[in-house]
Amino acid sequence: MDIEKTWEKIKNHRVRLNDNEIHGLAVVLFRGREEWLAEKLRQREDMAMAIEFLSFLGKEGSDQAAQALLNTLESGDEALQAAAAEALKQCPFELIVERLISLMLARKQAAAKAGEIILRFTDAGADVLWRLWFGEEKPASLKALIIELLAEVSDPRVELLAYLALLSDNDELIEAALRAAEKIDAKALWGNVLNCLFMANWKHRGMAVRLLGKWKERRALNYLYEMGADPDPWVEEERQRAIGSIII
């Protein structure tokens, strides 16, 4: 079979073919030719159709198709990266999960996308991220990313991770925990958030003040007075607003 001529014929008739027909063509004609499709992506040729075919092959369990899509996920082209991410969501979880974890551990630009794809697999994906957070010597940046990803899907376990992060002395973890606490409305963490009022990092102070005001946490009122006028104008503005919100 002349693969180039076959490809051109399919491309010319694509608008008249439905997804089931494309799926069939992918399996019958392009299984074993995943590298040829991957080369299309590397050469930036017919990228949408190449990803479409790789998606169907990945759905069928093709390891080579999944790897081609994972490689594309690391592309600097945001549109291409997004298309690859959507295609990967069609692949069997067990086929791609370990490689997605590797991307997250490598902390490359695709780390966040990799985490989002893992979460696409609902409970199984959330369980993977939860276990990954507790792995030995995991970098704070990875833990912060996991907190934010789990908060996005309102996984109830993220409250515990936010609690642990607020006990740390890592700026990135604390900031992720404060954002998560706001996202999931974790008012039970008010005491931990309170500690942030007296931190050196102005951003943490501001986020904590805003959160306590949003929660109208009366038990925090004396502490908001105690911290006094903040040297940072934004933090001071938020402090005054929080006090006003609580005493109304």
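The values are calculated or read from the model by the stated rules, or taken from the named source; none is laboratory data. A quick note: this is a predicted structure, and the numbers were derived from the prediction, not measured. Every residue, glycine as well, gets a Cβ built from its backbone with ideal geometry; the counts of neighbours run over all protein chains shown.
For every residue, the table says whether it meets (1) assigned by TED's automatic domain parsing to the domain that holds Ile101; (2) under 19 Å from Ala110 (Cα atoms); (3) not aromatic (Phe, Trp, Tyr).
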site: Arg33; (1), (2), (3): yes, no, yes
site: Trp36; (1), (2), (3): yes, no, no
site: Glu39; (1), (2), (3): yes, no, yes
site: Asp46; (1), (2), (3): yes, no, yes
site: Ser62; (1), (2), (3): yes, no, yes
site: Leu73; (1), (2), (3): yes, yes, yes
site: Ala84; (1), (2), (3): yes, yes, yes
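Here is a yes/no grid of residues against (1) surrounded by 19 or more Cβ atoms within 10 Å (Cβ to Cβ); (2) in contact with a His (Cβ under 6 Å, 6 or more places away or on another chain); (3) in contact (Cβ under 8 Å) with a residue 12 or more places away in the chain:
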{"residue": "Arg16", "(1), (2), (3)": "no, no, no"}
{"residue": "Asp19", "(1), (2), (3)": "no, no, no"}
{"residue": "Glu60", "(1), (2), (3)": "no, no, yes"}
{"residue": "Asn71", "(1), (2), (3)": "no, no, yes"}
{"residue": "Glu78", "(1), (2), (3)": "no, no, no"}
{"residue": "Ala84", "(1), (2), (3)": "yes, no, yes"}
{"residue": "Cys91", "(1), (2), (3)": "yes, no, yes"}
{"residue": "Ser102", "(1), (2), (3)": "no, no, no"}
{"residue": "Ala106", "(1), (2), (3)": "no, no, no"}
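Let me confirm something: among Gly115, Gly135, which residue is surrounded by 16 or more Cβ atoms within 10 Å (Cβ to Cβ) and over 22 Å from Met227 (Cα atoms)? Reasoning before the result, please.
Details: Gly135 fails: surrounded by 16 or more Cβ atoms within 10 Å (Cβ to Cβ).
Answer to the selection: Gly115.
Of everything in the stretch 220-248 that's under 34 Å from the mean Cα position of the chain (by Cα) and among the charged types (D, E, K, R), which residue is nearest to Arg179 (Cα to Cα)?
Glu238
When you go through Ala110, Ala66, Ala87, Ala82 one by one, which is the residue that is within 17 Å of the chain's Cα centre (by Cα), modelled with pLDDT of 90 or more and closer than 20 Å to Thr122 by Cα?
Details: Ala110 fails: modelled with pLDDT of 90 or more; Ala66 fails: within 17 Å of the chain's Cα centre (by Cα); Ala82 fails: modelled with pLDDT of 90 or more.
Testing whether each residue is within 17 Å of the chain's Cα centre (by Cα), modelled with pLDDT of 90 or more and closer than 20 Å to Thr122 by Cα leaves just Ala87.
Would it be correct to say that Lys40 is surrounded by fewer than 22 Cβ atoms within 10 Å (Cβ to Cβ) and out of contact with any Phe, Trp or Tyr (no Cβ under 9 Å at 6 or more places or on another chain)?
Numbers: surrounded by fewer than 22 Cβ atoms within 10 Å (Cβ to Cβ): yes; out of contact with any Phe, Trp or Tyr (no Cβ under 9 Å at 6 or more places or on another chain): no.
Here the answer is no, as Lys40 does not meet what is asked.
Name the single residue, out of those in the stretch 21-35 being of a type in the set (D, E, K, R) and touching a residue at least 12 places away in the same chain (Cβ under 8 Å), that is surrounded by the most Cβ atoms within 10 Å (Cβ to Cβ). Step through it out loud before you land on a result.
Our first condition is that a residue be of a type in the set (D, E, K, R); within the stretch 21-35, this holds for 21, 31, 33-35.
If we keep only those that are touching a residue at least 12 places away in the same chain (Cβ under 8 Å) as well, we get 31, 33-35.
Values: Arg31: 15, Arg33: 19, Glu34: 22, Glu35: 11.
Within the stretch 21-35, the match that is surrounded by the most Cβ atoms within 10 Å (Cβ to Cβ) is Glu34.
Could you please find all residues in the stretch 224-235 being crowded, with 17+ Cβ neighbours inside 10 Å and not in a loop (DSSP other than H, G, I, E, B)?
If the condition is that a residue be crowded, with 17+ Cβ neighbours inside 10 Å and not in a loop (DSSP other than H, G, I, E, B), then Leu224, Val235 are the ones that fit.
Can you name the number of the only condition in (1) among the basic types (Lys, Arg); (2) crowded, with 16+ Cβ neighbours inside 10 Å; (3) outside any helix (DSSP H, G or I) that Arg205 fails?
All conditions are met except number (3).
Give the residues of the stretch 109-152 that are outside any helix (DSSP H, G or I) and closer than 24 Å to Ser75 by Cα, sorted by residue number.
Going residue by residue through the stretch 109-152, those that are outside any helix (DSSP H, G or I) are 109-110, 120-121, 134-139.
Residues satisfying the conditions are Gln109, Ala110, Arg120, Phe121, Pro139.
Return a yes/no flag: does the stretch 173-183 have any residue that is loosely packed, with under 15 Cβ neighbours inside 10 Å and over 18 Å from Lys113 (Cβ atoms). Before you say what the answer is, go through the steps one by one.
Filtering the stretch 173-183 for residues loosely packed, with under 15 Cβ neighbours inside 10 Å gives none.
No - not one qualifying residue is present in the stretch 173-183.
Got a sec? Which of Val193, Val153, Val209 is among the β-branched types (Val, Ile, Thr) and at pLDDT below 95? Talk me through it step by step, then tell me what you get.
Numbers: Val193 fails: at pLDDT below 95; Val209 fails: at pLDDT below 95.
Result: Val153 is the single residue among Val193, Val153, Val209 that is among the β-branched types (Val, Ile, Thr) and at pLDDT below 95.
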